[in-house]
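Okay, structure first, notes after.
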Amino acid sequence: MKTLLTGVALSTGLLVSAQNQAWTATDINGNTVDIAAIVNSGKTVLVDISAHWCGPCWAWHNSHIMNKLYHEFGPEGTGDLEIIWVDGDPASSMALLQGGSGSQGDWLADMPFTAIGPNGQGNTLANIYNINAYPTLFMHCPGSTSGVEIQRTATWEQFLTSWKNMCPAAFDNAVVDAHLLNLGDKEVCPGEHPYTDVFNQGSAALTSASIELLQNGNVIETKQWTGSIAPFQHSIVNFETTTITGDEDYTMNLIVPNDGHLAGNTDEGSFSLAPTAPVSLVSLQLKTDQYGSETTWKLFNSNGTVVAQDPPGNYGANTVYTYDWVLDPTECYTFKIYDQYGDGICCSYGNGYYRLRNTWGTANNFISGGQFGGEEDKGFMTPAMVSVEDHTSNGFRVWPNPTTGLLNMEFDANTLATVDVFNVLGERVMTNTFNASGIRVMDLSSLNNGVYYMNVLANGHTLTERITLSK
């Protein structure tokens, strides 16, 4: 566990109760915050006591789990939750909260909930809660000024489960009670469909709903959904008759008969096209942080099938790993990386990263990252395989295919061309450079029978051809 108090790493697995915390304080905007008034209004209050200099606090902040909970269940969502963030350090100031020297960064840039800290207000609350580590979170159930410590989690769903178990009467829900979860900005592959995420806050399974898809205020599709979503679970629903061809903004509207609460039944979704890999030979370069054993990953194809994943065992600390993939052409892949602790792989405990890059020619990164919470997913397309006809139209031709060993290549123009041959494991098994027009020959007879991928780089253009060797 990664927790800090005055710069010293501590470890604790205990849940502690703090009694009689009927406090009032002044937030950064000069507003009076009265916790008794909030809990007595029927809301749960989550108090996060952090410090502006604290690395684990910054990692938790950047997981955006509290932002997600606030959006879904706060005043603009179901109205069940209030969140109060506290800088417990006695030196807290607006300059430090906005990323001044000595701070981890700008804490307020994307913070939608209440913040308390400067003028000793935050330190007073830290003393009231009698914390022994930063960050420490306390959950106040409706009607109770006695906060109970709640552990951070790797995902917002795990935190929701802890909240629900700790405060069984925390939700003002009905038997039928559904809403749409916020999607935010999403990347999809060309030809894919917009979608929404339906959350069931009711006490019974949700089995049907109508969901409208609107663009520019006009309904362009109505989805009559049927299925089964258990209480406090969620499910993706696709709009199959609408295809995304570029950057698109949509509004989704959920209609459920006898819905107990209409709050949260409308959401906005922005979709953009995922990047395309330069070639179908893709490499994952992964550098772990100091806690490499927390990191895992998977690569999914468009059917949701895992086509590659981290090997058995644990990763070492601060170590670089490289994996080469030969991927199918014109396919939509999703790379997902997970951190068990929920603080990503950068930058509080080392400068870890992941990079997806082409393994042929100049190794350019087309996707990279490292700062995330418990998980992050990135989609990408692979390019189409270039056909013989396409080769010909671009001044290049290759034959025969399949081949018994000798492969003819014809260049129409006088050019410098680099030809690499890869096996299905992504290993380069042969390379040649040609600086002339006309027909050139590569002899593959020394290779084993099977499928190979030939990549040609000429005049700044990349061509890929699948070659079958059958001697």
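Derivation of every value follows stated rules applied to the coordinates shown; laboratory data play no part. Keep in mind the model is a prediction, meaning the values are calculated, not measured. Ideal geometry is used to build each Cβ from the backbone, glycine not excepted, and the neighbour counts take in all protein chains shown.
Across the stretch 324-337, in residue order, what do the Karplus-derived ³J(HN,Hα) couplings come to in whole Hz, using 6.51 cos²θ - 1.76 cosθ + 1.60 with θ = phi - 60° and x for Gly and Pro?
Once θ is set to phi - 60°, the couplings for the stretch 324-337 become 9, 10, 9, 9, 6, x, 6, 10, 9, 10, 10, 9, 10, 10 Hz.
Let's test the formula: R0 of 41 Å, r as the Cβ-Cβ distance of Asn127 and Asp328. What FRET efficiency results, to the nearest 0.05? If you can, show how the numbers build up before the last one.
Details: r = 60 Å, r/R0 = 1.45.
That gives a FRET efficiency of 0.10.
Expressed as a rounded percentage, what relative contact order does the chain have, with Cα pairs under 8 Å and six or more residues apart?
Relative CO of the chain lands at 11 percent.
Considering only DSSP beta bridges with both partners in the stretch 3-166, what is the antiparallel share in %, to the nearest 5?
On the way: 17 of 27 bridges.
Taking every DSSP beta bridge with both residues in the stretch 3-166, the antiparallel ones total about 65 percent.
Just name one of Gln104, Asn265, Gly426: the one whose Cα is farthest towards the positive end of the charge dipole of the chain (beta-carbon charges, Lys/Arg +1, Asp/Glu -1).
It is Gly426, whose Cα lies furthest towards the positive end.
Can you give me the long-range amide H partners of Ala274? Hydrogens built in the peptide plane at 1.01 Å from N, cutoff under 5 Å, separation of 5 or more residues or another chain.
For Ala274, whose amide H was placed from the backbone, the distant partners under 5 Å are Val188, Cys189.
With unit charges on the beta carbon (Lys/Arg positive, Asp/Glu negative), name the residue among Asn119, Ile150, Gly74 whose Cα is farthest towards the positive pole of the charge dipole of the chain.
Farthest along the dipole direction, towards plus: Ile150.
Sort largest first and round to whole Å: the equivalent ellipsoid semi-axes of the stretch 62-178, each the square root of five times a Cα gyration tensor eigenvalue.
On the way: eigenvalues 147, 55, 31 Å².
In descending order the semi-axes read 27, 17, 13 Å.
Note down the relative contact order for the stretch 57-193 as a percent, whole number, built from C-alpha pairs under 8 angstrom at least six residues apart.
Normalised by residue count, the contact order of the stretch 57-193 is 21 percent.
Per residue of the chain, what 222 nm ellipticity follows from adding -39500 (n - 2.57) for every DSSP H run with n ≥ 4, rounded to the nearest 500?
-3000 deg cm²/dmol
How high is the relative contact order of the stretch 253-348? Use alpha-carbon pairs under 8 Å, at least six apart in sequence, and give a whole percent.
31 percent
After finding the eigenvalues of the alpha carbon gyration tensor for the stretch 86-145, what semi-axes result from the square roots of 5 times each, listed largest first in whole Å? Walk me through the numbers on the way to the answer.
On the way: eigenvalues 94, 39, 21 Å².
Ellipsoid semi-axes (Å, largest first): 22, 14, 10.
Packing-wise, with mean Cβ within 10 Å as the measure, how do 214-222, 56-64 rank, highest first? Mind dumping the intermediate values first?
Working: 214-222: 12.1, 56-64: 22.9.
Going from most to least packed, we get 56-64, 214-222.
How much length is gained if the chain between Ala174 and Asn303 is pulled fully straight, taking 0.36 nm per residue apart and subtracting their Cα-Cα distance, in nm to one decimal?
This chain segment gains 42.9 nm when fully extended.
Need one number: convex hull volume per residue for the chain, Cα atoms only, in Å³. Walk me through the numbers before you get to the answer.
Numbers: hull volume 84.7 nm³, N = 471.
Dividing the Cα hull volume of the chain by its residue count gives 180 Å³.
Calculate one ³J(HN,Hα) per residue across the stretch 292-299 by plugging θ = phi - 60° into the Karplus curve 6.51 cos²θ - 1.76 cosθ + 1.60, and present them in order as whole Hz with x for glycine and proline.
x, 5, 7, 9, 9, 7, 8, 10
With +1 on the Cβ of every Lys and Arg and -1 on the Cβ of every Asp and Glu, and nothing else charged, how large is the dipole of the stretch 178-272 about its Cα centre, in debye rounded to the nearest 20?
380 debye
Would you list Trp399, Trp325 from fewest to most Cβ contacts within 10 Å?
Placing the least packed residue first, the sequence is Trp399, Trp325.
Want the number for Gln224 to Ser41: 0.36 nm per residue separation, take away the alpha-carbon distance, what's left? Don't skip to the answer; put the middle values down first.
Working: separation 183, 0.36 × 183 = 65.88 nm, distance 3.66 nm.
Here the answer is 62.2 nm.
Any idea what the dipole of the stretch 74-215 comes to, in debye rounded to 20, about its Cα centre with Lys/Arg Cβ at +1 and Asp/Glu Cβ at -1?
400 debye
Only four residue types carry charge here, +1 at the Cβ of Lys and Arg and -1 at the Cβ of Asp and Glu. Report the dipole size of the chain about the Cα centre in Debye, rounded to the nearest 20. Please list the in-between numbers first.
Numbers: 18 positive and 47 negative charges, 252 e Å.
The calculated dipole for the chain is roughly 1220 debye.
For Glu331, enumerate residues with amide H under 5 Å from its amide H, sequence gap 5+ or separate chain, H modeled in the peptide plane.
Thr382
Under 5 Å between amide hydrogens, which residues at least 5 positions from His261 or on another chain qualify, with H placed 1.01 Å from N in the peptide plane?
Amide H to amide H, under 5 Å and 5 or more residues apart or across chains, His261 pairs with Ala178.
Report the one residue of Asn173, Ala230, Gly344 whose Cα lies farthest in the direction of the positive end of the charge dipole of the chain (charges on C-beta: Lys and Arg +1, Asp and Glu -1; origin at the Cα centre).
Comparing the listed Cα positions along the dipole, Gly344 ranks first.
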